[in-house]
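Step one of this worksheet: look at the structure below.
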Amino acid sequence: MNNAEKIQNLRIAFQSILRADYISINDIRQLSKLDDYYVDYFNNVPKVLQDQDSYISGRRGTGKTSLLMRCYYECLKTVSTRISKDSLIFKDKKVLPLYIDLS
């Protein structure tokens, strides 16, 4: 593979990653992609999905919406028949995800 092909493959890979605010909560394929490339360095997904309230803050572009969409998808795994992946956090528990866009 030459350099031009490598650059093109890299460009395609980065273009396939959507910003979370462009992902529709109805598009299972996009949510699944987010699940594949989202890296939870600080273990925030289980913290947000605890039974207690969470407060999420941060500067613009730090991943707040991505975190919420990732948590939404984790809950959706427990109730949707269209998703073949099992939830790693909820196991056999059923959780109804609600996403309210306040913008």
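The values are calculated or read from the model by the stated rules, or taken from the named source; none is laboratory data. This structure is a prediction, so every number in the text was calculated from the model and none was measured. Using ideal geometry, Cβ is built from the backbone for each residue, glycine included, and neighbour counts are taken over all protein chains shown. In case anyone asks, the SASA skips ligands and DNA or RNA and just uses the protein heavy atoms, side chains included. Shrake-Rupley method; radii C 1.70, N 1.55, O 1.52, S 1.80 Å.
If a residue must be out of contact with any Cys (no Cβ under 7 Å at 6 or more places or on another chain), of a type in the set (Val, Ile, Thr) and assigned to a helix (DSSP H, G or I), how many such residues does the range 45-88 contain? Going through the range 45-88 one residue at a time, the tally reaches 3. If you go through the range 64-94 and pick out every residue that is of a type in the set (Lys, Arg) and under 18 Å from Asn26 (Cα atoms), you end up with 4. Using the structure shown, decide if Asp36 is in a loop (DSSP other than H, G, I, E, B) and surrounded by fewer than 17 Cβ atoms within 10 Å (Cβ to Cβ). So Asp36 fails the test. Does Tyr99 satisfy being at negative phi, in contact (Cβ under 8 Å) with a residue 40 or more places away in the chain and open to solvent by 30 Å² or more (accessible area, probe 1.4 Å)? Spelling it out, Tyr99 is indeed at negative phi, in contact (Cβ under 8 Å) with a residue 40 or more places away in the chain and open to solvent by 30 Å² or more (accessible area, probe 1.4 Å). Restricting attention to the range 39-95, the residues being among the acidic types (Asp, Glu) and open to solvent by less than 80 Å² (accessible area, probe 1.4 Å) number 2. Scanning the range 1-10 for residues that are outside any helix (DSSP H, G or I) and either of a type in the set (A, V, I, L, M) or closer than 24 Å to Arg82 by Cβ (or both) returns a single hit, Met1. Taking the conditions (1) in a helix (DSSP H, G or I); (2) open to solvent by 100 Å² or more (accessible area, probe 1.4 Å); (3) closer than 15 Å to Tyr73 by Cβ in turn, Asn26 satisfies each one other than (1). Taking the numbered list (1) under 13 Å from the mean Cα position of the chain (by Cα); (2) not in a loop (DSSP other than H, G, I, E, B) in turn, Ala13 passes all entries but (1). Beta carbons closer than 8 Å, at least 6 apart along the sequence or on distinct chains, pair a first residue in the range 55-67 that is on the phi < 0 side of the Ramachandran plot with a second that is β-branched (Val, Ile, Thr) and part of a helix (DSSP H, G or I) for Ile56/Val48; Leu67/Val45; Leu67/Val48.
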